[in-house]
1. With all distinct Cα pairs included, what does the Kirkwood hydrodynamic radius of the chain come out to in Å, to one decimal, could you say?
2. From the residues VAL325, PHE122, ALA353, which one has its Cα farthest along the dipole of the chain in the positive direction, the dipole being from +1 and -1 charges on Cβ of Lys/Arg and Asp/Glu about the Cα centre?
3. Using only Cα atoms, tell me the angle between helix 160-172 and the longest principal axis of the chain; keep it within 0 to 90° and round to the nearest 10.
4. Summing +1 for each Lys or Arg and -1 for each Asp or Glu, what net charge is found among the other residues whose Cβ lies under 10 Å from the Cβ of ALA187?
5. What are the equivalent ellipsoid semi-axes of segment 188-228, built from the alpha-carbon gyration tensor (square roots of five times its eigenvalues), in whole angstrom, biggest first?
6. What does the charge add up to near GLU311, with Lys and Arg as +1, Asp and Glu as -1, over the other residues with Cβ less than 12 Å from its Cβ?
7. Along the charge dipole of the chain, Cβ charges K/R +1 and D/E -1, which of PHE42, ALA149, GLY315 sits furthest on the positive end?
8. Once you have the alpha carbon radius of gyration of segment 193-308, what is it after dividing by 2.2 N^0.38 Å, with N set to its residue count?
Amino acid sequence: MSTEGDTARREEPGAAPEAAPRGAAAAEPVLDARLAVDRGRFRLDARITAGPGEVVALLGPNGAGKSTALRALAGLQPLSSGRVLLEGRDITAEPVERRPIGVVFQDYLLFGHMSALENVAFGPRCRGTGRTEARALAAELLADMGLEAYAHTRPRRLSGGQAQRVALARALAVRPRLLLLDEPLAALDAHTRVEVRAGLSRRLHDFDGAAVLVTHDPLEAMVLADRVTVLEGGGVVQEGPPAEVARYPRTDYVARLVGLNLYRGERHGTSIEVDGAGENRAAGVRIEVASPGEGRVFAAFPPRAVALYREEPVGTPRNVWRLRVEGVERFGDQVRVRLGGALPLSADITPAALAELAPEPGGEVWASVKATEVQCYPA
Ligand SMILES: Nc1ncnc2c1ncn2[C@@H]1O[C@H](COP(=O)(O)OP(=O)(O)OP(=O)(O)O)[C@@H](O)[C@H]1O
């Protein structure tokens, strides 16, 4: 079991090298913040950075300090010490309304007595933009969100997904360099969430500033973000590209909750052709899913959904791969087996199952996953 302390270490020895997230390479970070906040017995002490065009998810359990960090970035929560640099400019002392930051709050906090258009025009108006210009900008943003027809609609007449898009348009209306989103999908029901998430993902990736979003849903972090920063107890415990964090968890929380096997690929019917470099592509690996569809998708299944066998399993499980055992770690009452090869994945099994499997280091085993266990989301 590996429970790390509360210091951030960005490089895990032995971690698989990953391509730098989009836009994050050697470029100057858009956001470079060191946030120290004291709230009674709780102390947040975290460095949060985001590169141009980069979407960073702050992920962590309840009470980890995610919202405190977001509020501190927005200027809604004073710092005990530290500073917030945005494109090299120190905005620590700037009041909320002067920061080039757009915020999408969890419940969207749209003004109920204003139309969608007026809600979106509100920010620019407060910052001194003339009425006509502010309304034109708002109309344009609503059109970008596919909401032209709802410009004059009041928030209570909007669906959850529409309200979310109005909130995003409102945040973008101040032409922010940093976009902050607090649990942006939490107010939606499960079905709407999947759809809205795909739209949000596209819009976040079209945004050329930096975005920081708070979530305690690992899948949301994995799907929306280029980089994940995990907070626990007020400190950063892990940071990295989603796939790397999922594959090399550094704390029990990360292992249990973020330990997803996550892939991108192209769905044709009920079969996903997994993207990947080198080995994967050569092997043309496919993941079978239960429901059909077409297009770019994420496919995810938890390590506990993977069964391991010494011999090729009989019957016809639709997903079976022969993989190499790369590592075995114990956490809680489970054992996590890390497998490499055509489809790198992690499997959680019981110690008894491991004893039966008796894998040799570097030896091969059969892994299977039921198609019904694979969750599939538009990418
Ligand atoms: N107004 C407050 N005064 C004092 N302490 C507070 C206040 N609000 C929150 N806290 C403390 O700050 C800590 C971090 O809270 P925060 O809301 O930032 O966590 P979080 O990670 O966003 O959690 P959640 O996922 O539950 O929203 C908590 O331990 C909480 O007790």
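1. Working: mean 1/r = 0.0451 Å⁻¹.
Hydrodynamic radius (Kirkwood, Cα pairs) of the chain is 22.2 Å.
2. Value computed over the given set: PHE122.
3. 60
4. Computed value for this residue: -2.
5. Numbers: eigenvalues 61, 34, 11 Å².
For segment 188-228, the ellipsoid semi-axes come out as 17, 13, 7 Å.
6. Working: positive: ARG310, ARG322; negative: GLU312, GLU356, GLU364.
Its environment carries a net charge of -1.
7. Sorting the options by dipole projection puts first ALA149.
8. Working: Rg = 15.2 Å, N = 116, 2.2 N^0.38 = 13.4 Å.
It is 1.13.
Just so you know, all these numbers are worked out from the coordinates, no wet-lab data involved. Just so it is clear, the structure is predicted and the values come from calculations on it, not from any experiment. Note that each Cβ is placed from the backbone with ideal geometry, even for glycine, and that neighbours are counted across all protein chains shown.
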